[in-house]
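To start, the structure itself, in structure tokens.
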Amino acid sequence: MMMNSAIPQELLNGLMLGGIYVAIALGLTIIYGILKILHIAHAGVYLWGAYLGYMAYITTGSVLVSLLVASLSAAVIGLAIERLVYLPALNKPSHITLIMSIALFTFMTEMAAKIFGYYPKGFTIHWPLITWNIGGVVITSMQVFFLAIVYGASLGVWLWTSKTKVGLASRALIQDMEVAKSMGVNIKRVIDMNFLIGSALAGLSGVLVGMYYTMIYPHMGDVVAYKGLVVPVLGGFGSVPGAIIGGLILGVSESYLTAYLGNILPRDAFAFLIMIIILILRPQGLFGRSE
Amino acid sequence: MDEKTKKVTTTIIVVVVIIAIVAGVLGYYYSKPSGPSGGGTIKIGFFAPLTGEAAADGHSALHGAQIAVDYINSHGGVLGKKLELVYYDDQLSPDQAIAIAHKLIEEDKVVAAVSGSYSSTTLAACSIYNEEGIPLVNSYAVNPDITRDKPYVFRVGMMGETEGKAAGYAAVHYFHAKKIAILYIDNPFGVSLFNNAKSETESLGASVVYSAKFKYPTTDFTPWLTEIKNQNPDVLIIFGYYPHAVAVKQARDLGITVPILGAEGFDSPKFMEIAKDYANGVVIVTDLNRDSNNSLVQYFLNKYQEIAGMPADMVGASAFDAVLVLAKAIEKAGSTDPGKITNALKSLTNIEGATGKLLRFTDGGNVVKYLTLQEVKNLEFHFYAEITDPEIITPSF
Amino acid sequence: MISLMYLITLLIMIGIYALATLGLNITMGYAGQVNLGQAAFLGIGAFTSAILTTRYGVSFWLALPIAGVIALSIGILIGMVSIRLKQDFLAITTIGFNFIVVAIFLYYDFFGGSYGIINIPRPTIFGHIIKGVWYMLLVWIVLILAMYFNYWMGKSWLGRALRALKEDEDAAESMGIDVKKYKIIAFSLGAFFAGLAGSLLAHFKTYIVWSDFEFSVSVMLLTMCILGGMESIYGPLVGASIVIFLPEIFRPLMDYRLLMYAVFLLLLLKYMPNGIIGRGSYLERKLRAYYSGEDAHEG
């Protein structure tokens, strides 16, 4: 039957989409876990990582340099946001910081548009394209590259939180900041590290998205800015495995939904509907703690 | 924050706001020439999105309009006077378009106006021009309701029905397709194109085996394309804008080798920039023939490249023609009276424009003109075929 | 000379958005319930009124209140959903609500789909069409009535209960205030006024489309609310006037509009979270002191 290879193909599409969600959600969930801030501007970091990575590629022609520049510059931008915007505002009610984050995201999007232009930019990397056909499923070398790096980096972050000193300290912070403080954890340093790593991951995924879809444009952050929140809700804020599994679930289900039920329910509405249902029924998500 | 800081902050902000308002109002008064045309120039209003997401097309349209104004002025102007383009940025906001309409009509006192904007904004504003009896020429917005039942509103671009029909016709006639797959953008443009392409192909004996709509920011078409590959169509039609060129790339990567047909949304050098080599072979339905022998078309193409630093597209060409037909109408009317200009527009025939020969306007104010199929060869658009069948090119109202 | 019609157009928009902001102010300013989806209620009111008048021949005068009531009922729904949610989670729920509602407007042809709804009739009274300065009068009458309601509410038991909610939900609960009920009321009232505003918007523009109610509009309404000052009767009007009027004057700076907007909002939140005339702001206290003859000190 004609449908047979479509189902696993959709799975592949879902994994691609899921990868983006996972990469973005990791930063979001950790940052919220520690600072209780909904970091909408994370999508702005993603966006700028894409643009700066693109500039690096144009200048050097090296994919590796591009990925490094994207990650590092995003990390710096994320840190700057944390120090300049969030830390001074910690004592404000949380909806204020949320709105500040939204305004910041708008600012970052518009700056990108002003500096780089409103037009989308073609982003083609000169690698030979190889396609494989495995049991009816077409997979390209670009997809393999994308999946490998995005999931690899995400798993790296997971390992970091469970194996390294700073990572474990982050978990402690997420659990209870006061207790962590009393145990001698250097709060500032841990927060900084988390912003650096979370933002680097976002920037990395941004430039990868640009490479894979062969274009970057100022509003590319819009797609993930708010939908990105659905994943930590699903997985549980503060939970790293939650972000990974949540991202996968969202990516795969959106993929199947669009392909088979596209005429009944709009794609975006689907994600937010899931989010609201989870918030009502199980606000702590799959892996979060009950308040 | 303590009492004193609050006081100081508030005072500063209030003072700044007041100064800003006063400066703004003063600047506003002194920069605007008041009064109707009558002095040295004939004023034509123009609105387009110059900031925000749609700024690319807005600027394209503005370029086109300005090139037309310069061209006309350097050839003696209109009725012995120079044309002046009074333009505003509508930010792609229907609310803004409404405010601008009042501004242009009542303050700048334009004799006519051109829309260089999208359907949402043009639709919001067109009733105002129509009610006030100021002729409005719509460049490229495709929604049919813009001109429907509005004697003062005209359109030089194609409507979705015409373009959709042409695409359906091209698929069957030039690509001999029996089974067609259509991906279309979920907005007035796409929906209209889809409906008309579908009915035209069906009336020609072919069928649409798969269709799906997508929202503007979509960059991942693989779910739909996977399904399309399974359906094995003879032609894939993609009704979208140039950012959706990725769909072409993804289709080819997935192993879809059949011809790909697009419409005016792909009519832009950006399409090639994004799709790169994947663009070659794609055919689009549009009205800007890059290989045209006509000197005005070539003049426009060269001038646009010179001013904008990139090749022209259908949007710029449409805006050029919108200003052009207004100039011709004013000349023909021999007057700047909006009512007379409107009647002159209704009676214009065979105007050579940047988008080819504009045969005439229908009673509904829609243009009747030839369409062209352009194929991408070596990353440039070139002539593929011309569509002149009156049944296809004549709008339904 | 500034043309009268142009000014009237601006005043109509200011009145309409001030009304929607007034609703938001009740939900957020008085009751402290974060609502980042007010544009959705605006849209619900607008589409309700548009559909009733264009498809079912209902008179504007009936469609207007119905729009308010329908928006109010959805507000009740959101209120119920919000019962267990606080602050951030409430905020993202309202964001999600906005996206869902707009997606529904876009997707289903019942709402005109991507075309939207055109030819929305202007209201008529005794055979005369209401437009221009008369429409402005209509809008402002509704706004003033709403402001009066707001004034009454501020002084009443309702106002006190809502404020208690904002202050501390748990404390309010322990004082015997039915937190659930008042959360629902907070959202319904906010939605009701947005619904009315939506109807007025639809019959002014005579054409509405899904993108008129996107999330960015909610952010704009929020900006108006915060800028003008929360928990204040005049705040929404001040906020709406500035946000709508300023771009008209600063047309030369249009290119940097969104940028300035974002920076402005950031600075506002950091340095002037009480807005220009909101409760607790410098101006408000000075005015209150002036009118009651007391000394102005930290409230």
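Quick rundown of the values:
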{"item": "Between C and A, accessible area buried - total, square angstrom, nearest 100, 1.4 angstrom probe", "result": "3300"}
{"item": "Farthest toward positive dipole pole in the protein assembly as shown [+1 Lys/Arg, -1 Asp/Glu at C-beta], among A:Thr97, B:Ile341, C:Ser114", "result": "A:Thr97"}
{"item": "C:Tyr290/C:Glu167 FRET efficiency (R0 22 Å; Cβ-Cβ; nearest 0.05)", "result": "0.25"}
{"item": "Shielded residues, the stretch C:77-98 - accessible-area loss of 20 Å² or more between chain alone and all protein chains, probe 1.4 Å", "result": "C:Val81, C:Arg84, C:Leu85, C:Gln87, C:Asp88, C:Phe89, C:Ile92, C:Thr93, C:Ile95, C:Gly96"}
{"item": "Chain B: antiparallel DSSP beta bridges as a percent of all, rounded to 5", "result": "35"}
{"item": "Förster-model FRET efficiency, 35 Å R0, B:Val368 and B:Val209, C-beta, rounded to 0.05", "result": "0.60"}
{"item": "Carbon and sulfur %, accessible surface of the protein assembly as shown computed with the full protein complex present, 1.4 Å", "result": "63"}
{"item": "Prolate/oblate/rounded call for the stretch A:189-291, Cα gyration tensor, a/c under 1.5 rounded", "result": "oblate"}
{"item": "Counted charge near A:Leu159, where neighbours are those whose Cβ lies closer than 15 Å (Asp, Glu -1; Lys, Arg +1)", "result": "+3"}
{"item": "Accessible surface, per residue, of the stretch C:4-245 when the full set of protein chains is kept, probe 1.4 Å, Å²", "result": "35"}
{"item": "Of all DSSP beta bridges in the protein assembly as shown, antiparallel share, percent nearest 5", "result": "45"}
{"item": "Chain B: relative contact order as a whole-number percent, Cα under 8 Å and 6+ apart", "result": "16"}
{"item": "Nonlocal amide H pairs with B:Val137, under 5 Å, H built at 1.01 Å", "result": "B:Ala113, B:Val114, B:Ser115, B:Phe154"}
{"item": "Counted charge near B:Ala329, where neighbours are those whose Cβ lies closer than 10 Å (Asp, Glu -1; Lys, Arg +1)", "result": "+3"}
{"item": "For chain A: lysine pairs under 27 Å (alpha-carbon distance), excluding those fewer than 8 apart on one chain", "result": "15"}
{"item": "3J(HN,Hα) from dihedral phi, the stretch A:227-244, Karplus parametrisation 6.51/-1.76/1.60, rounded to Hz, x for glycine, proline", "result": "5, x, 5, 4, 5, x, 4, 5, x, x, 4, x, 9, 5, x, x, 5, 5"}
{"item": "Accessible area buried at the C-B interface, both sides summed, 1.4 Å probe (Å², nearest 100)", "result": "3900"}
{"item": "Debye equation applied to the C-alpha atoms of chain B, log10 I(q)/I(0) at 0.09 Å⁻¹", "result": "-0.55"}
{"item": "Greater than 18 Å apart at Cα, pairs in B:Lys165/B:Lys369; B:Lys328/B:Lys357; B:Lys215/B:Lys377; B:Lys276/B:Lys377", "result": "B:Lys215/B:Lys377"}
{"item": "Surrounding net charge for A:Met215, when Lys and Arg each add one and Asp and Glu each subtract one, Cβ distance under 13 Å", "result": "+2"}
{"item": "Selected from C:Ser241, C:Ser199, C:Ser156 as most flexible by GNM, with chain C as the system and alpha-carbon contacts under 10 Å", "result": "C:Ser156"}
{"item": "Where chain B is the region considered: accessible area per residue in Å², 1.4 Å probe", "result": "33"}
{"item": "Prolate/oblate/rounded call for the protein assembly as shown, Cα gyration tensor, a/c under 1.5 rounded", "result": "oblate"}
{"item": "Peptide ranges C:27-35, B:335-343 listed from the most packed, as the mean C-beta count within 10 angstrom indicates", "result": "C:27-35, B:335-343"}
{"item": "Theoretical gain in end-to-end length, A:Ile96 to A:Lys181 [0.36 nm per residue, Cα-Cα removed]", "result": "28.0 nm"}
{"item": "From phi via Karplus (6.51, -1.76, 1.60), per-residue ³J(HN,Hα) for the stretch B:323-338 in Hz, x at Gly/Pro", "result": "5, 4, 5, 5, 4, 4, 5, 4, 4, 5, 6, x, 7, 9, 6, x"}
{"item": "FRET efficiency for B:Glu202 and A:Phe145, using Cβ-Cβ distance with R0 set to 56 Å, rounded to 0.05", "result": "0.85"}
{"item": "Amide H contacts under 5 Å for B:Ser211, placed H, 5+ residues apart", "result": "B:Ile182"}
{"item": "Projected area averaged over orientations for chain A, convex hull of C-alpha atoms, nm²", "result": "16.3"}
{"item": "Phi-based couplings in Hz for the stretch C:73-86 (Karplus 6.51, -1.76, 1.60; Gly and Pro marked x)", "result": "5, 5, x, 4, 4, 5, x, 5, 4, 7, 3, 9, 9, 10"}
{"item": "Mean Cβ neighbour count within 10 Å, used as a protection proxy, ranking B:232-245, C:76-89, A:41-54 highest first", "result": "A:41-54, B:232-245, C:76-89"}
{"item": "The stretch C:4-245: equivalent-ellipsoid semi-axes (sqrt of 5 x gyration tensor eigenvalues, Cα, Å)", "result": "29, 20, 15"}
{"item": "Heavy-atom accessible area, 1.4 Å probe, ligands and nucleic acids excluded: residues of the stretch B:92-128 down by at least 20 Å² from chain alone", "result": "B:Pro94, B:Asp95, B:Gln96, B:Ile98, B:Ala99, B:His102, B:Lys103, B:Glu106, B:Glu107, B:Ser120, B:Leu123, B:Ala124"}
{"item": "Restricting the stretch B:110-199 to trypsin sites (Lys or Arg not before Pro) in coil, as DSSP defines it, with at most 16 other Cβ within 10 Å", "result": "B:Arg148, B:Lys178"}
{"item": "Cα gyration tensor shape for the stretch C:130-265, rounded if a/c is under 1.5, else prolate or oblate", "result": "prolate"}
{"item": "A:Arg267 accessible area, assembled protein chains, probe 1.4 Å, Å²", "result": "50"}
{"item": "Highest-MSF residue in chain A out of A:Leu28, A:Leu208, A:Leu38 [GNM, Cα springs under 10 Å]", "result": "A:Leu38"}
{"item": "Test item: A:102-113 mean partner chain Cβ contacts at 10 Å", "result": "6"}
{"item": "Accessible area buried, both sides summed, chains A and B with 1.4 Å probe, Å²", "result": "2800"}
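The values are calculated or read from the model by the stated rules, or taken from the named source; none is laboratory data. Every value quoted in this text rests on a predicted model; they were computed, and no experiment measured them. Because the Cβ atoms are built from the backbone with ideal geometry, glycine has one as well, and the counts that use them run over all protein chains shown. Protein only, heavy atoms only, side chains kept; ligands, DNA and RNA dropped before computing areas. Shrake-Rupley method; radii C 1.70, N 1.55, O 1.52, S 1.80 Å.
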